[in-house]
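Heads up: the structure comes next, in structure tokens.
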Amino acid sequence: QVQLVESGGGLVLSGGSLRLSCTFSGGIFGFYAMGWYRQAPGKQREFVVTVTSAGRTQYADSVEGRFTISRDNRKATVYLQMNSLKPEDTAVYYCAAIQTGGAVAAWGQGTQVTVSS
């Protein structure tokens, strides 16, 4: 059973940076695309970015140019480098393992990111 564990959230000032990590276990990492989603208070969970096993990426317009996803297949870990953070980036960030076809196979427990103005 695939399990995901996120780390790296925290409190940062507007304009600052954070790096999130998500460690994968319980399956074959290379079989999955990986993604980050976020959920702000009172809002639905929304797509942030995905990366395929081959390294192709897709970003939400709201984070394009500020966030960078990467994956280390040897360490079965995916990272989200977040720069130029804005208060509207405040949310719980969730890591996801995505099957071929787009279904999410597993979610992480979430990590809180708070951007203060």
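The values are calculated or read from the model by the stated rules, or taken from the named source; none is laboratory data. Model, not experiment: these values are computed from the prediction. Cβ sites come from the backbone with ideal geometry, for glycine too, and all protein chains shown count toward neighbours. Calculation scope for accessible area: heavy atoms of the full protein, side chains included, ligands and nucleic acids excluded. Shrake-Rupley method; radii C 1.70, N 1.55, O 1.52, S 1.80 Å.
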*Scanning for something surrounded by 13 or more Cβ atoms within 10 Å (Cβ to Cβ), modelled with pLDDT of 95 or more, outside any strand (DSSP E or B) and not polar (S, T, N, Q), does the stretch 46-57 turn up at least one residue?*
no
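Every residue, every condition in (1) out of contact with any Gly (no Cβ under 7 Å at 6 or more places or on another chain); (2) under 12 Å from G108 (Cβ atoms), yes or no:
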site	(1), (2)
R19	no, no
C22	no, yes
S25	yes, yes
I28	yes, no
Y37	yes, yes
T52	yes, no
D61	yes, no
*For the stretch 1-30, name all the residues that are open to solvent by 50 Å² or more (accessible area, probe 1.4 Å), touching a residue at least 60 places away in the same chain (Cβ under 8 Å) and touching a Ser or Thr at 6+ places or on another chain (Cβ under 7 Å).*
Q3, V5, S7, L11, L13, S14, G15
*Only one of L85, L80 is in a loop (DSSP other than H, G, I, E, B), touching a residue at least 60 places away in the same chain (Cβ under 8 Å), surrounded by 14 or more Cβ atoms within 10 Å (Cβ to Cβ) and out of contact with any Pro (no Cβ under 6 Å at 6 or more places or on another chain); which?*
L85
*asked:* Restricting to the stretch 31-41, name every residue that is at pLDDT 95 or above and either open to solvent by 30 Å² or more (accessible area, probe 1.4 Å) or within 12 Å of the chain's Cα centre (by Cα) (or both).
replied: F31, Y32, A33, M34, G35, W36, Y37, R38, Q39
